[in-house]
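A short write-up of the structure that comes next.
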Amino acid sequence: MKKSLSAVVLLAAAISCSDASFIVRTPLQSTGVTLEGLGVELDPHFISQNVTRDDGATLDDWQNIVVRRVKMMDIQRLRVMLLPHWWEPVNDNSDSQIADPKGFTFESAEMKSVYAVLDLAQETGAEVTLVLWGCPAGCSFVDETTPSQGQRHFLCNATGTNWVTAPGDNEEFAECFSVVVKHLIEDLGYTCVKEITPFNEPDGNVCELDQYYQIVKALDCRFRKDGIRDKVRFNLSDNTDCRRFFLKGCADNISEYADMFNSHTYMCGYETPNSYSFGWEKENNDVVKATGKRHYVGEFGSNQCVGATRQKDINRYERGVLITRNCLNFLNAGAAGTSYWSLIDQYYNRDAPYDQMQQLGLWRYKKSVYVGNDAEGCEGDYQPRPQYYAYSLLTRFIRRGDEVYPLNLQNEYAAGSAFRSPSGDWTYVFANGSEDDLEFYLVNENDSVAPALDKYLYSKATLPSDDSMLASSGVLNSTSRGYKVSLPAQTVILLEQQIQK
């Protein structure tokens, strides 16, 4: 967790770099964006689906693995799926303007799994974005006697062929989701619920732009009617990769209903230069700039996708460097934060075949379930992947309210950022995805004090043998020239200002 300080940092002087390759200077101006925090996807299926599918997962695993690790990582944001049949399996009544309390199943197994995620967020102070994923073309319940089991949900439109569709009635859709958000916030007291996003990736054959506008307006109207619009922000667009037309349409036509915007990307890989990933996010920010709203990276991973459930590099050590470098590029370009897909490997349906298990987590599932190449290197249940240690550095030390100061490492495959907290202390992160060792002096032009910095190193040699967080590997002191930083190839270094005593 970021350390609080009253002292300011770092040296601002002209220096010689005779014994290092170059100088990295922290700019006088930040990106102008204070961060919303870094997060992960944690869809609420572990208890309802994994624990009930007879793979050996238990409720104790939720508490002892998921809850404990989220606390260690100090994650500040959770993006969480909601599907409407979990609390409204059949229409409560024929009047979309009047909700019948008896028509909702708030104690279903699926909703209890949602509550477990929200309990975790509530306990840790994480902010939750609820994503109203869509209308399911086939309802599935742990309790198989539930009405509409295996059927098309009543909210679905008549023509949608995706596994989730747009609604056939926008008012019914708005009623359904307003009822559950009101229940979560007012009846159950979940203050962690801060945002909603209508539809996951609506540009992907789920919802046309014109209908999306109308859905957002219907949601806004219903949330106001139910007295909860001022209790959640609307985080809109949720578009994929370069389908920026959806983001632009939202910015141009419904900005007054948006509190912020977000987009997803799975285009940036090991061969992708900084200028591309930085440019992708900068264009997003340029689109929404006129609205005065912020842009967030709502999902990201690597570009080695195999369908929606696999990425070929998921177990590679270098992936930890890659996702850190991509994250820094997004933040340097003006993003208000990032959300990694996803926290854990898990099934989204307890009856799903093996190839439908999401295997994009920061750690694995039960060792016994993995087969073929997926089992390679798997040494135990819930084994952390290398990226777990890298992304944890970011979630632990880059905090809500920080300002971002982009750093230029003069290499298209090495990225750096300086982060200044509201109390004035500094954190520096460098990710070197190149094959070259880098050496440079770090000079902060903003302040005149240069305290010692705790150094954290993500490298093959420093990975813990268990799920412990990376510990400080030493202290970096300043010289008359600044801080001399050695950044080996394929490593991440985080420098954290020490507490002044």
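Which whole-number percentage describes the relative contact order of the chain, with Cα contacts under 8 Å and a sequence gap of 6 or more?
It comes to 22 percent, rounded to a whole number.
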Original post:
Solvent-accessible area per residue for the chain at a 1.4 Å probe radius, Å²?
Top reply: 37
Subject >> Dipole in debye (nearest 20) - the chain, about Cα centre, beta carbon charges: Lys, Arg +1; Asp, Glu -1 >> reply: 1380
Subject >> Sequence ranges 76-89, 244-257, ranked by mean other-Cβ count within 10 angstrom, highest first >> reply: 76-89, 244-257
Subject >> Helical mean residue ellipticity (222 nm; -39500 (n - 2.57) per DSSP H run of 4+; nearest 500) of the chain >> reply: -6500 deg cm²/dmol
Original post:
Residue by residue through the range 413-420, which ³J(HN,Hα) values in whole Hz follow from phi under the Karplus form 6.51 cos²θ - 1.76 cosθ + 1.60 (θ = phi - 60°), with glycine and proline marked x?
Top reply: 10, 10, 10, x, 8, 10, 10, 10
Original post:
Given SER468, VAL449, PHE430, which one lies farthest toward the positive end of the charge dipole of the range 370-470, if we put +1 on the Cβ of every Lys and Arg and -1 on the Cβ of every Asp and Glu?
Top reply: VAL449
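Taking the Cα centre of the range 17-102 as origin, work out the dipole magnitude from +1 charges on Lys and Arg Cβ and -1 charges on Asp and Glu Cβ, in debye rounded to 20. Display every interim value, and only then the final one.
Working: 8 positive and 13 negative charges, 93 e Å.
Taking the Cα centre of the range 17-102 as origin, the dipole is about 440 debye.
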Subject >> Heavy-atom SASA rank of TYR456, TYR266, TYR276 (probe 1.4 Å, accessible area, largest first) >> reply: TYR276, TYR266, TYR456
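At 1.4 Å probe size, with the rest of the protein present, what percent of the exposed accessible area of the chain is carbon and sulfur atoms?
Here carbon and sulfur together make up 49 percent of the probe-accessible area.
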Subject >> Highest to lowest packing among 478-491, 121-134, scored as the average C-beta count within 10 Å >> reply: 121-134, 478-491
Original post:
Mind checking the angle between helix 274-288 and the chain's longest principal axis? C-alpha axes, 0 to 90 degrees, to the nearest 10.
Top reply: 50
Original post:
Between VAL164 and residues 5 or more places away or on another chain, which pairs have amide H atoms under 5 Å apart, with H built 1.01 Å from N, and which residues are they?
Top reply: ALA137
Subject >> HN-Hα J in Hz across the range 225-233 - Karplus 6.51, -1.76, 1.60, θ = phi - 60°, x for Gly and Pro >> reply: 4, 8, x, 10, 5, 7, 9, 9, 8
Original post:
Quick one: Karplus J couplings for the range 298-309, per residue in order, coefficients 6.51, -1.76, 1.60, θ = phi - 60°, nearest Hz, x for Gly and Pro?
Top reply: x, 8, 7, x, 9, 9, 9, 6, 10, x, 8, 10
Subject >> Unit charges at the beta carbon, dipole of the chain: most positive-side option, SER108, SER178, TYR405 >> reply: TYR405
Original post:
Put +1 on the Cβ of every Lys and Arg and -1 on every Asp and Glu Cβ in the chain; which of ALA333, ASN477, PHE46 then has its Cα farthest towards the positive end of the dipole?
Top reply: ASN477
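The values are calculated or read from the model by the stated rules, or taken from the named source; none is laboratory data. Remember, predicted model here, so these are calculated numbers, not experimental data. Counting neighbours? That spans all protein chains shown, and the Cβs are built from the backbone with ideal geometry, glycine included. Quick note on the areas: whole protein, heavy atoms, side chains included, nothing else; ligands and nucleic acids left out. Shrake-Rupley method; radii C 1.70, N 1.55, O 1.52, S 1.80 Å.
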